[in-house]
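Okay, structure first, notes after.
We did not get these values from a lab; they are worked out from the coordinates using the rules stated. It should be emphasised that the depicted structure is a prediction, and the values quoted were computed from it without experimental measurement. A quick note on method: Cβ atoms are made from the backbone with ideal geometry, for glycine too, and the neighbour counts reach across all protein chains shown.
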Amino acid sequence: MIDLIDKQKLPRHVAIIMDGNGRWAKERGKDRLFGHQHGVISVREVVEGCAEIGIEYLTLYAFSTENWNRPESEVKGLMELLVATIRKEAESLHRNGVKLHVIGDLQSLPEACVDELNEAMAITAGNTTLNLILALSYSSKWEIVDAARKIAHKVITGELTEAEINEDAFKQCLATAEFPDPELMIRTSGEHRISNFLLFQLAYAELYFTHTHWPDFRKENLYEAVLNYQNRERRFGKISEQLRKEA
Ligand code: FPP
């Protein structure tokens, strides 16, 4: 399948809502954490898969602001899994040229988690093969409100005038300021929702939904999504004839 992918028409940025860990575990008579643990294998697969075909940015929705409302044992288990995975994988990410970034309300994360993330980000800071962006304690509404606060602050301090507030100035205040917008958003496990994920940045993204639960998601599933994306016509509000003339 990898041979069918057109390297000239790759999405630069792929964003993924990793859904279905709980259902996958339940189908096997196991607890939810068992599903999350297996989800880590899929994370490794898509990171490798993106690096292999040359995708530059991969954003993974690992923990939403709303996920704090889950049972305490699951939240604790997820945080521990995150810390352990980052610790275990940081060197291998580095060897493979992956640069780690985090977006979200980091102040709400446990200190051990923030320390581990900071260390992994420092180790991988100089890498250029793939930017891996973890959305942690992230919600898009939080991010947009936070950006509005930053814009207001810039106006108050005279850094920006009211007339200078435009799309670009706003983008610069989002947590994703240094990344291009995703062209492809994948959600696993059959739900057709955006769930408070990159609402501003996904304005023109192609959305791809699959029934595969996240722990079953492998490189081939990623390639299938990319191929599906490459067979779509992206019009950005224009009509097909205009696009053909421009080509
Ligand atoms: C959604 O499935 C998954 C999560 C909320 C957590 C995702 C976390 C991982 C895959 C592990 C750690 C990740 C990294 C980046 C190291 P769900 O629990 O909502 O499943 P359900 O909808 O079937 O209940």
Item to complete: Could you please tell me which pairs satisfy a Cβ distance under 6 Å, a separation of 6+ or placement on different chains, a first residue in the stretch 161-181 that is closer than 19 Å to LYS99 by Cα, and a second residue that is basic (Lys, Arg)?
Response: PRO180/ARG12
Practice prompt. Kindly list the number of the only condition in (1) on the phi > 0 side of the Ramachandran plot; (2) surrounded by 15 or more Cβ atoms within 10 Å (Cβ to Cβ) that fails for TYR57.
Written response: (1)
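How many residues are in a helix (DSSP H, G or I) and either touching a His at 6+ places or on another chain (Cβ under 9 Å) or surrounded by 14 or more Cβ atoms within 10 Å (Cβ to Cβ) (or both) if we restrict to the stretch 218-247? Reasoning before the result, please.
Here is the first cut: in the stretch 218-247, the residues in a helix (DSSP H, G or I) are 219-230, 240-246.
Next, from what is left, pick out any that are either touching a His at 6+ places or on another chain (Cβ under 9 Å) or surrounded by 14 or more Cβ atoms within 10 Å (Cβ to Cβ) (or both): 219, 221-230.
The qualifying residues number 11.
Quick check on MET121: is it within 16 Å of the ligand (Cβ to nearest atom), on the phi < 0 side of the Ramachandran plot and in contact with a Lys or Arg (Cβ under 9 Å, 6 or more places away or on another chain)?
On the way: within 16 Å of the ligand (Cβ to nearest atom): yes; on the phi < 0 side of the Ramachandran plot: yes; in contact with a Lys or Arg (Cβ under 9 Å, 6 or more places away or on another chain): yes.
Taking the combined requirement at face value, the residue satisfies it.
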Fill in: Hits in the stretch 10-65 (condition: within 10 Å of the ligand (Cβ to nearest atom), under 19 Å from ILE86 (Cα atoms), small (Gly, Ala, Ser) and assigned to a helix (DSSP H, G or I))
GLY35, GLY39, SER42
Worksheet item: Condition test on GLU74, is it over 18 Å from the mean Cα position of the chain (by Cα), of a type outside the set (A, V, I, L, M) and either surrounded by fewer than 16 Cβ atoms within 10 Å (Cβ to Cβ) or near the ligand (Cβ under 9 Å from one of its atoms) (or both)?
Response: yes
Item to complete: State which residue is farthest from LEU222 (Cα to Cα) when the search covers only the stretch 145-190 and only residues that are among the hydrophobic types (A, V, I, L, M, F, W, C), out of contact with any helix residue (DSSP H, G or I) (no Cβ under 9 Å at 6 or more places or on another chain) and part of a helix (DSSP H, G or I).
Response: ILE156
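Every residue, every condition in (1) polar (S, T, N, Q); (2) part of a loop (DSSP other than H, G, I, E, B); (3) over 16 Å from GLU178 (Cβ atoms); (4) in contact with a Pro (Cβ under 8 Å, 6 or more places away or on another chain), yes or no:
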| residue | (1), (2), (3), (4) |
| --- | --- |
| GLY77 | no, no, yes, no |
| LEU81 | no, no, yes, no |
| GLU89 | no, no, yes, no |
| LEU93 | no, no, yes, no |
| LEU100 | no, no, no, no |
| ALA112 | no, no, yes, no |
| ASN118 | yes, no, yes, no |
| ILE123 | no, no, yes, no |
| GLY126 | no, yes, no, no |
Discussion item. Residue pairs, Cβ under 9 Å, 6 or more apart or interchain, first in the stretch 223-247 and in contact (Cβ under 8 Å) with a residue 24 or more places away in the chain, second acidic (Asp, Glu). List them.
Written reply: LEU227/ASP6; TYR229/GLU183; TYR229/GLU206; GLN230/ASP6; ARG232/GLU206; ARG234/GLU183; ARG234/GLU206
